[in-house]
Amino acid sequence: MNKLEALRLFCAAAESGNFRQTALHLGVSPQAVTRAVAFLEQEFGGLLFVRNTRHTSITPFGQEIYAEARAALNHTDALFQRFSEKERTRETGLVRVALPEVDDFGVLEYVLDGLRDFPEIVLDWRSGNALSNTDREQIDVGIRVGPAPDGDFIIKPLAALHLQTVMAPALAEKLGEPATSHDLQQHFPLVGMLNINSGRLFEYDYPDGSFAPEQPAFITPNAAQGLQAVLQGRAVGQFAAWTVAEHIRAGRLKTVLPSQEMTLHDWQLYVYRPGRHRDTARVKRVFDLLAEAVEQKIRE
C-alpha cells in the first residue's frame, strides 16, 4: 500500500472520528480507510483506533502518530504546491508543438517573433506525420482540423471547415470548368488526398453527395503538396478555404462549383492544449501566439 496515501486516510479518519464519513468525504470505500489504518497499525506496531459497532476513538498512541503524520503531510503538500506553482508560472523550458500535415499557415515566424523576449522557451515543432503515438501523448499545444477531441483539453475554435474546389486558370482554359460535381468526378483530373491511417483516399464533399477519386492524377497525404499540384495545373482539388484564399486573391487559382461549396460545422480548425497545462505559463503563451497567428492568417 502507498504509505503517503495511507497516512492521508488515517489523518482524515482521526479528524472526523468516523471511518464512513471519511470515506464519503474522500470518495473512497469505507474498506479502503479500514485497510489503510490496519496497514499503519502493522507498520507502527500499535493500535491507532479503538473501534466497536457504535463508536470509533483514537488511542493515545494514535494521537502521537497523528501529530507527526499531519505535520509531515502539511510539509509534503507545501513542498508540492511551492514547486508546482514554480513550474506553472516560469516561462522557461520545453514546449512540444504539433501541427497537422498541411502548410503551417505561416505561423512559425509569428510565434518565434512573439517569443523574442523569452529565449528560454524551447520549441519542439512537429508536423502530423512526424509524430509517433508516444509523441502525440506528450504534445503540449497544437493545431488540429476535425471534431473536438474527447477528454480534458482546452480548445479555442478558430474557423469551421469550409471546403472550396479550385483549379489553375490555365487548366480551366484548357478543359473548361466542371458544371456539376458529377461532371468533375467523371471528366477532370483530380488530386487524391491519401488518408495514411486507412490507406484510402479522402472523399470530395458536396451537397448532392460525396465521392473518392477513382483515377486520381496526383496522390499525396500532404495537403500542401496536393495544393502545389493544383497550382501547377496538374489537377483540380478540394481544400479548406483558409489554405487557398491567398492564391485565389492573387489569381493563381480560381474557384469552381461555387454554388456547391460545403461548410462542415462539426469540423473545426482549432488550437488545443491538454488540461494538465491549463495554467502552465510557457505553454499558455505559445497557445495564445498560435491562435493569434492562425486568426491573422484567416483574416488576410
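The values are calculated or read from the model by the stated rules, or taken from the named source; none is laboratory data. Keep in mind the model is a prediction, meaning the values are calculated, not measured. Quick reminder, even Gly has a Cβ in these numbers, built from the backbone with ideal geometry, and neighbours come from all protein chains shown. The area values use the complete protein model at the heavy-atom level, side chains included, leaving out ligands, DNA and RNA. Shrake-Rupley method; radii C 1.70, N 1.55, O 1.52, S 1.80 Å.
Summary of computed values
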| read-out | value |
| --- | --- |
| Beta bridges by DSSP in the chain, antiparallel share as percent, to the nearest 5 | 70 percent |
| Label-point gap, in nm, between Asn2 and His187 - each point 7 angstrom along Cα→Cβ | 6.8 nm |
| Thr180 versus Thr76: modelled label distance in nm, points set 7 Å from Cα along the beta carbon direction | 7.2 nm |
| Number of Lys pairs (Cα under 21 Å; 8 or more positions apart or on different chains) in the chain | 6 |
| Difference of contour (0.36 nm per residue) and Cα-Cα distance, Met262 to Val122 | 46.5 nm |
| Probe 1.4 Å, accessible area per residue of the chain, Å² | 56 Å² |
| Coarse-grained scattering of region 231-285 at q = 0.13, 0.19, 0.20, 0.28 Å⁻¹, given as base-10 log I(q)/I(0) from a Debye sum over alpha-carbon atoms | -0.56, -0.78, -0.82, -1.24 |
| Residue of Val271, Val33, Val236 that the Gaussian network model of the chain assigns the largest fluctuation, springs spanning Cα pairs under 10 Å | Val33 |
| Protein accessible area in the chain, 1.4 Å probe - carbon and sulfur % | 50 percent |
| Relative contact order of region 140-280, pairs being alpha-carbon contacts under 8 Å that are 6 or more residues apart, as % | 48 percent |
| Cα gyration tensor shape of region 260-300, rounded if a/c is under 1.5, else prolate or oblate by comparing a/b with b/c | oblate |
| GNM flexibility winner over the chain from Gln185, Gln42, Gln232 (Cα, springs under 10 Å) | Gln42 |
| Full-stretch length increase - Phe44, Glu68 - with 0.36 nm per residue and alpha-carbon distance subtracted | 7.4 nm |
| Inter-centroid distance (Cα atoms) of region 26-58 relative to region 226-293, Å | 59 Å |
| Kyte-Doolittle mean at least 0.0, axial Cα span of 18 Å or more - DSSP H helices of the chain | 3-16, 30-44 |
| R0 of 30 Å, Cβ-Cβ distance Glu203-Arg249: FRET efficiency to nearest 0.05 | 0.65 |
| At R0 = 35 Å, FRET efficiency that the Cβ-Cβ distance of His25 and Leu94 yields, to 0.05 | 0.35 |
